[in-house]
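The values are calculated or read from the model by the stated rules, or taken from the named source; none is laboratory data. The structure presented is a predicted model; accordingly, all values stated were derived computationally and were not measured. Please note: Cβ atoms are built from the backbone with ideal geometry, for glycine as well, and neighbour counts cover all protein chains shown.
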Amino acid sequence: MIAELGHAALILAFITAIVQMSVPLVGAHKRWPGWMSVAEPAATAQFLLVAASFAALMHAFITSDFSLRLVVENSHSAKPMLYKISGTWGNHEGSMLLWVLILALFGAMAAWFGGNLPPTLRARVLAVQAAVAVAFYAFILFTSNPFLRMIVPPMDGQDLNPLLQDPGLAFHPPFLYLGYVGLSICFSFAVAALIEGRVDAAWGRWVRPWTLAAWVFLTIGIALGSWWAYYELGWGGFWFWDPVENASFMPWLFAAALLHSAIVVEKREALKSWTVLLAILAFGFSLIGTFIVRSGVLTSVHAFANDPERGVFILAILVVFTGGALTLYAARAGAMEAKGVFGVVSRESALVVNNILLAVSSFVVFIGTIWPLVAEMAFGRKLSVGAPFFEAAFTPFMILLGLILPLGSMLAWKRGSLSRVARQLVPALVLALAMGGLVWAIQSGRTLLGPVGVFLGTWLVAGALTDLWSRTGRNRDLSRLLRLPRADWGKMVAHTGLGVTMLGISGLMAWQQEDIRTVHVGETWTLGDYAFTLKDVTREQGPNYFATVGEVAVTPAKAQGGEIAHLYPEKRTYPVQQMPTTEAAIDYRFLRDLYVVIGDPQGDGGWVMRVYIKPLANWIWGGCLLMALGGLLSLSDRRYRIAAGARRQAAIGGVPAE
């Protein structure tokens, strides 16, 4: 009965979204206040209905209701409660229901907190948001219904994919979707602005917090997925350039560009057309990501479904919304005349360069991701584009971005002095060069990746701190730092986070050490400065799996000393799905990780053991957390909590000119 109520709530949400899409849009065109006012309660009702539907599906997973086909295919009665809950979205149908739940949530939040928006703009934003929701409700109800019943319910289910039975993957999809789908509200603002034919500073102020929130969630989601791949898959990497990984990374790059571009619109009323285009492309690439995950056109370990019918439906949604928005942009972008004029050397120019680098790097990733499909369709050749291409093509843009970021963030608006900023950054440059030179001397002629990465990371961190220090004035009044807006602190923390992440990536890729061998119980081997001893291998039983557990003691290889760590790598087998997983054992330290993986038994009684020494590995995710924290600090700025544009609304009487 609860499942039927959930299905009915989903249908009612679909109908409500149709009303929200059409009535306020007509009302905004005709200037009918009553029709426009339908948008807010409809947005709230739509969210409540889809939330009820999602709760009904989650209830079915928690109670192991095996009369639902989706529960049978993705759950099991012996599964821990956390994974019963996460099983709700650990599949195609449930994840799409989560997709529309978040879509409706952002629409409802725009209704709740958009009271100071001009009535016509608010009505159009909510109508566009509802139009996107209508498309996805139709997709779910007609091709991916999560509430289908089994004719003969089985005694138990087929279990969730064992790779998804992990805390990192339990929380990774919700955060990722909050970022992916959160960009939809930026898209709605952009399309509404194109319909109205006007973008001003108030519009930039309204768009920034939504973009910032989506970017923060996307940062956390990508970091969680990367961390999960690092410790769960057993290969020791943090990024594989898999098509689905790229599908989440491309919107992140566009969202970062949009965030910086919206600053120029707000501060200087410049780059209006470009900012609107970025808002369209950011959400457009989110839709591309959805298509890649669910169409089966590209092979990926992350893919949810390989159903051509679903793929065609999502492709139609992508074409209608992205193509329609770009067509509208081509017709109306000329009306968005930029008012702000700025010099070649200015913060605006630096942000333009920032935008270009981020956008071009995203297109580079897109070309590398989609090229195997293009090559097969156009030339009949099966090609594989791997990490070497992406690293060679993508890295130069990030190096340029890292070089200009400290300079650009300290330049004045409208017209800046490059020599003045350069003088302030001399200590940061000297420190960065010294660190890079020190690394070059220590590593004895290895790859340039280490010194260059350390230089860039140090340059970014020192540059962000120099920018903050410059706010103390000539008298170095530290009390001025306490009076700075939180957005300024957020910028410093986020830029520092980017520098820390660059340090971590370069350190891990340049100086990682690896050893793979067959080891017998009691045998000791060395790698770097560490000695590893396989003490024992045992068989253990978990709640819904069997595990082979190794016991590895780590001690200093040369110097006398006690035990450094005791590690327990596992190789699990889930009997329901007959699928093995690897659980790496990691000794986390500030400057390095010791990473141990146990493999298959050998005929001579030995075990395959893989051991890695990973310098600065934790800095990668620490930097991501700093970036997210910087975004949250900026989001908590008082200027974002006060509804933007209230004074402007009073000046224009709440109705913009067409």
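Tabulated values for the structure
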{"read-out": "Answer residue from the range 463-514, given it is in contact with a strand residue (DSSP E or B) (Cβ under 6 Å, 6 or more places away or on another chain) and surrounded by 14 or more Cβ atoms within 10 Å (Cβ to Cβ) and is nearest to L433 (Cα to Cα) among those", "value": "G507"}
{"read-out": "Some residue of the range 435-458 being surrounded by fewer than 15 Cβ atoms within 10 Å (Cβ to Cβ), more than 31 Å from the chain's Cα centre (by Cα) and under 19 Å from R347 (Cβ atoms)", "value": "no"}
{"read-out": "Matching residues, the range 355-402, being assigned to a loop (DSSP other than H, G, I, E, B) and either hydroxyl-bearing (S, T, Y) or touching an Asp or Glu at 6+ places or on another chain (Cβ under 9 Å) (or both)", "value": "K382, L383, S384"}
{"read-out": "Of all residues making up the range 555-585, the number that are in a strand (DSSP E or B), of a type outside the set (D, E) and surrounded by 19 or more Cβ atoms within 10 Å (Cβ to Cβ)", "value": "6"}
{"read-out": "Among (1) in contact (Cβ under 8 Å) with a residue 60 or more places away in the chain; (2) within 30 Å of W203 (Cβ to Cβ), the one test that A78 misses", "value": "(2)"}
{"read-out": "Filter result for the condition that a residue is under 16 Å from A9 (Cβ atoms) and either in a helix (DSSP H, G or I) or over 21 Å from the mean Cα position of the chain (by Cα) (or both), over L101, L176, L121", "value": "L101"}
{"read-out": "Some residue of the range 598-606 being under 34 Å from the mean Cα position of the chain (by Cα) and in contact (Cβ under 8 Å) with a residue 12 or more places away in the chain", "value": "yes"}
{"read-out": "Boolean, L97 is in contact with a Pro (Cβ under 6 Å, 6 or more places away or on another chain), modelled with pLDDT of 95 or more and outside the structural domain of L194 (by TED's automatic domain parsing)", "value": "yes"}
{"read-out": "The range 520-533 residues that are hydroxyl-bearing (S, T, Y), paired with ones that are in a loop (DSSP other than H, G, I, E, B) (beta carbon under 9 Å, 6 or more apart)", "value": "T526/A557; T526/K558; Y530/A557; Y530/I564; T533/G522; T533/E523"}
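Okay, residues lined up against (1) within 29 Å of W274 (Cβ to Cβ); (2) touching a residue at least 60 places away in the same chain (Cβ under 8 Å); (3) in the same structural domain as L278 (by TED's automatic domain parsing):
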position: I356; (1), (2), (3): yes, no, yes
position: S419; (1), (2), (3): yes, no, no
position: A422; (1), (2), (3): yes, no, no
position: V426; (1), (2), (3): no, no, no
